[in-house]
Amino acid sequence: MQSTCDSKYTSAKPLHVAIIMDGNGRWALNKGLPREAGHHAGVATLRKVVEAAPHLGITTLTVYAFSVDNWTRPAGEVSVLMSIFKRYLETEVSRLVRSGVALTVIGRRDRLSNGLVTLIGEAEAASAAGRQLSLRIAIDYSGRESILAAVAAALACQPGPLTRDQLSQLLAEKPGAPDVDLLIRTSGEQRLSDFLLWESAYAELLFTSQLWPDFTAADLEAALSDYRSRDRRFGGLTPPQPVSLMTTNPCISAWGSKP
Ligand code: FPP
């Protein structure tokens, strides 16, 4: 992957890819395994995707590991997931540091165990100098809560009108992270599930029926190739339309002639 992709992609503009890693449970059940086996397999997929990302031109990768609503899952599954996050932080950080990956965890921390919060802090500090990839793992995350918190912060410091840029800066997870360019969801579900709602305003969406444990680096490369073939207009027109075309609209001509 590295040799073929590096030269093709390194000159491309910075790219933020977000992934909703869905389908672990179904993957395991399809194989007659307990759901937790699917989550373990999901870790292996995450490792491969993180390894491949910088070579595909991805500069920021945000993955959805646990939403604020995932607390409603059976206690046993929540506990397995929390152990998996801990183990990941304990075992992966040295590999991430070697690969120049800066890890941050976004989302609430007040409901996580002290042990997990300590590991998160240590992992963030140890990998902070990484420049190849910013890996953001969303744990106990909600896009709507993130927006609410930013609005509350804005109201506390500035009673007047708020701009989009200002609110962007107030999102706790946002500083340093660009808006999402491509959002991928595996497992055939086609919804955002409260993930990066503000940051994905103009994201390209890609839904694949593959279950997360089956997703590969080659699939990520194919997703990026699809993304790069799309025409991102951000509400505008490409190529820019000649002015004469616009002024053939009588309303626009009339407005244009106003003093
Ligand atoms: C969704 O699958 C997946 C999750 C809720 C957990 C995601 C966690 C991992 C991929 C483990 C690795 C993550 C880290 C950060 C080490 P699901 O359980 O909803 O699957 P289903 O829809 O088939 O039931």
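Only the coordinates and a few stated rules stand behind these numbers; no lab work does. Since this is a predicted model, take the numbers as computed values, not measurements. Glycine gets a Cβ as well: all are built from the backbone with ideal geometry, and neighbour counts include every protein chain shown.
A P(r) calculated from all alpha carbon pairs of region 119-198, with 10 Å bins opening at zero, reads 14, 40, 34, 12, 1 percent.
So what's the back-of-envelope 222 nm ellipticity for the chain, counting only DSSP H runs of four-plus at -39500 (n - 2.57) apiece and dividing by all residues, rounded to 500?
Details: 10 runs with 118 residues, N = 259.
After summing the helix terms and dividing by residue count, I get -14000 deg cm²/dmol.
Considering only 28, 237, 210, and ranking their Cα positions along the charge dipole of the chain that arises from unit charges at the beta-carbon of Lys, Arg, Asp and Glu, the one farthest toward the positive end is 237.
Take the Cα coordinates of the chain, assign each an equal point scatterer, and use the Debye formula without solvent to give log10 I(q)/I(0) at q = 0.08, 0.12, 0.15, 0.17 Å⁻¹. So the normalised log intensities work out to -0.38, -0.77, -1.14, -1.43.
The long axis of helix 75-98 is offset from the longest Cα principal axis of the chain by roughly 80 degrees. The H on the amide N of residue 19, modeled in the peptide plane, is under 5 Å from the matching H of 62, 63, 64, 184, each at least 5 residues off or on a different chain.
Grab the other residues whose beta carbon is less than 10 angstrom from that of residue 35, score K and R as +1, D and E as -1, and report the net.
On the way: positive: 26, 73; negative: 36, 77.
Net charge in that neighbourhood comes out at 0.
What ranking do 160-172, 204-216, 225-237 get when scored by the average of other Cβ atoms within 10 Å per residue, highest first?
Values: 160-172: 12.7, 204-216: 18.4, 225-237: 10.2.
By packing density, highest mean first, the sequence is 204-216, 160-172, 225-237.
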